[in-house]
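The block underneath contains the structure these notes are about, expressed in structure tokens.
All of the numbers you see were taken from the coordinates with simple rules; none came from a lab. Fair warning: this is a prediction, and the values are worked out from it, not measured in the lab. Here the Cβ is made from the backbone with ideal geometry for all residues, glycine too, and neighbour counts use every protein chain on show.
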């Protein structure tokens, strides 16, 4: 089964000159599936390529990205809603 990692996301690509080198960055954004608040995540072009083609697990592609941002990329759920969902599941047990 092929997964479309970009489904439900908007993206922009930006290039700039930093310390004598041209750097390209990607910003992905979308709405949380639960609260519908807009979330944005930034990454390098190389990270985006690795993520969209599933070359590595997400924590290896984005080792410096916070877990809420990684979770949003995986499930389209913001950190606040994800935590709330887990708290509800724990209370139900």
Item to check | Packing-based order for 82-92, 12-22, 63-73, using average beta carbon neighbours within 10 Å, highest first | outcome: 63-73, 82-92, 12-22
Checklist entry - Cα atoms only, region 4-63: Rg and Dmax in Å? => result 12.9, 42
Checklist entry - If the chain between residue 24 and residue 44 were fully stretched, how many nm would it gain, using 0.36 nm times the residue separation less the Cα-Cα distance? => result 6.6 nm
Checklist entry - In percent, what relative contact order does the chain have, based on Cα pairs under 8 Å that are 6 or more apart in sequence? => result 21 percent
Checklist entry - Relative to the longest principal Cα axis of the chain, at what angle does helix 79-92 sit, 0 to 90 degrees, rounded to 10? => result 20 degrees
Item to check | FRET E, pair residue 93, residue 34, Förster distance 22 Å, beta-carbon r, rounded to 0.05 | outcome: 0.60
Next on the checklist: With n ≥ 4 as the cut-off for DSSP H runs, can you work out [θ] at 222 nm for the chain, using -39500 (n - 2.57) per run divided by the number of residues, rounded to the nearest 500?
Outcome noted: -10500 deg cm²/dmol
Item to check | For region 20-51 and region 53-76, distance of Cα centres in Å | outcome: 10 Å
